[in-house]
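To keep things clear, I will list the structure first and then write my remarks on it.
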Amino acid sequence: MDAPLETISRHRCFGGFVSFHRHESAETRCSMRFAVFTPPQAEKQRVPVLYYLAGLTCTEETFMIKAGAQRVAAELGLMLVAPDTSPRGVPLPGDSDSWDFGVGAGFYLDATQEPWSRHYRMYSYVTRELPALIERHFPADMERQGIFGHSMGGHGALTIYLKNPDRYRSVSAFAPIAAPMRCPWGEKAFTGYLGPDRSRWTEYDASELVSRVKDGPSRPPILVDQGLADQFLEQQLHPHIFEEACRSVKYPLTLRRHEGYDHGYYFISTFIEDHLRHHAGLLGAPGNR
């Protein structure tokens, strides 16, 4: 039976609507929230859907408020969907002790370690439960799905895309955690959620996943933007590792490095139009034709 979907609020925006929703999730066993921008073209036809995965400490509101994406999405006819970044309201020991693990830090994986495995199933939530809700309740063309994200969400977007190449037709990332097995954020999250066996970690590391691709030259291109004034660049993000992994299998990657830009949403809002047009071209968005 379909779980009821509650609309928390709905706001007219660039001819379409931004709406915020809540439902009881079977995957995370708690109440989950997500946001949707429905473009004006959706009044007459089903439109491509683009999922945005946010970074550490963010919520379903962050992207819709800060990225400035709605104007261009309305022009192109792209539906934007932004889920929350972790389960909430299910207190677990230590889940709020630090900002980079637990609440607001689900890392878009399915945890295998107790007690996290009971609720922290963001991979299955994003790839299965959320798309099913979008298909049932919104005018989305599920044959044209793309995914992108920022930081932890960039990690999520890249790994989800690489694990599901038949489901998503486009991908991009802003300052992704591109090699989480080799950075403090990733090591902390993977140890806690997946356990000490590092062989299990490879399933959620974009650099490891892309290095296994056999048909790299024929795959759709990946777009990544990285600010060179990003305070997390050297220790946490490692885009050069992902770049080399793509090169090794001839996977088409455009990695743009930008002088003076940091890790935040001023950076994202500067280049969001490029990303939306990248996805619109690959998804055949109505406003891109």
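What the table below lists for this structure:
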{"item": "For segment 206-245: span of alpha carbons on each principal axis (Å, largest first)", "result": "34, 17, 12"}
{"item": "Kirkwood Rh and Cα Rg combined as Rg over Rh, evaluated for the chain", "result": "0.94"}
{"item": "Total lysine pairs whose alpha carbons fall under 26 Å of each other in the chain (8 or more apart, or interchain)", "result": "4"}
{"item": "Alpha carbon convex hull of segment 74-136, projected area averaged over orientations, nm²", "result": "5.6 nm²"}
{"item": "Å² of accessible area per residue within segment 1-132, as computed with a 1.4 Å probe and no ligands counted", "result": "40 Å²"}
{"item": "Gaussian network model of the chain, springs between alpha carbon atoms under 10 Å - residue of His21, His11, His238 with greatest fluctuation", "result": "His11"}
{"item": "Antiparallel bridges, percent of DSSP beta bridges restricted to the chain (to nearest 5)", "result": "50 percent"}
{"item": "Accessible surface of the chain [probe 1.4 Å, protein heavy atoms]: carbon and sulfur percent", "result": "49 percent"}
{"item": "Rh (Kirkwood; distinct C-alpha pairs) - segment 38-182, Å", "result": "15.7 Å"}
{"item": "Gain upon complete extension [Ser117, Lys44; 0.36 nm per residue less C-alpha separation]", "result": "22.1 nm"}
{"item": "GNM result for the chain, Cα springs below 10 Å: residue of Arg12, Arg88, Arg71 fluctuating most strongly", "result": "Arg12"}
{"item": "Dipole of the chain, positive direction: furthest Cα of Ser211, Tyr125, Val171, with charges on the beta-carbon", "result": "Val171"}
{"item": "Mean shadow area of segment 1-113 over all directions, Cα convex hull, nm²", "result": "8.2 nm²"}
{"item": "Value of Rg to Rh for segment 137-289 (Rh from inverse mean 1/r over Cα pairs, i.e. Kirkwood)", "result": "0.97"}
{"item": "Under 16 Å from the Phe14 label point (7 Å along Cα→beta-carbon), backbone N, segment 58-73", "result": "62-73"}
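The values are calculated or read from the model by the stated rules, or taken from the named source; none is laboratory data. Remember, it's a predicted structure, so these values are computed and weren't measured experimentally. All Cβ positions, glycine included, derive from the backbone under ideal geometry; neighbour counts span all protein chains shown. The area values use the complete protein model at the heavy-atom level, side chains included, leaving out ligands, DNA and RNA. Shrake-Rupley method; radii C 1.70, N 1.55, O 1.52, S 1.80 Å.
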